Amino acid sequence: MKKRMDLEQLRTYCAAKKGVSEDFPFDEKHLVIKVGSKLFAITDVTAELLRVNLKCDPVLADELRQLHPEIVPGYHMNKRHWNTVDFEGDVPAERLLWLVDHSYELVFKGLKKAERMQIEAGESEESC
């Protein structure tokens, strides 16, 4: 299987979005990518294969799991709202980017209004 996106490409793609920061709040191997104060992607940077937990609309999450064996309920996350996505399987690269975007947008919409407005204005309380 070919890699669709590697860790550095994922980090670069996410960093280009407004209000995004990275952190290792749990340990030295689990990279958390946040918009504002909330995470929208998490991955194990020491794993051999790139798998990323991404937030997803619950109905869509079920549909995606049925369509793609590389998309499963979120590991150590709320299984209804999170998927673990194998970035090295057969999911097309465009779909992977769309899943990252979808997760970012869901989390961004769930932020408090003041935080959303701050991000939209280009300000950030946190730095990368």
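The values are calculated or read from the model by the stated rules, or taken from the named source; none is laboratory data. Keep in mind that what you see is a predicted model, and the values were worked out from it rather than measured. Reconstructed Cβ throughout: ideal geometry from the backbone, glycine too, with neighbour counts over all protein chains shown.
Limited to the range 51-63, what total is found for residues that are over 25 Å from Lys18 (Cα atoms) and within 15 Å of the chain's Cα centre (by Cα)? Result for the range 51-63: 0.
Restricting attention to the range 69-128, the residues that are crowded, with 18+ Cβ neighbours inside 10 Å and either among the β-branched types (Val, Ile, Thr) or part of a strand (DSSP E or B) (or both) total 10.
Each row is one residue, and each column tells you yes or no for (1) of a type outside the set (D, E, K, R); (2) in a loop (DSSP other than H, G, I, E, B); (3) in contact with a helix residue (DSSP H, G or I) (Cβ under 9 Å, 6 or more places away or on another chain); (4) at pLDDT below 95.
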position: Arg4; (1), (2), (3), (4): no, yes, yes, yes
position: Tyr13; (1), (2), (3), (4): yes, no, yes, no
position: Lys18; (1), (2), (3), (4): no, yes, yes, no
position: Glu48; (1), (2), (3), (4): no, yes, no, yes
position: Val52; (1), (2), (3), (4): yes, no, yes, no
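Within the range 22-50, being over 12 Å from the mean Cα position of the chain (by Cα) and among the polar types (S, T, N, Q) holds for Ser37, Thr46. Filtering the range 20-46 to residues that are touching a Gly at 6+ places or on another chain (Cβ under 7 Å) and in a loop (DSSP other than H, G, I, E, B) leaves only Gly36.
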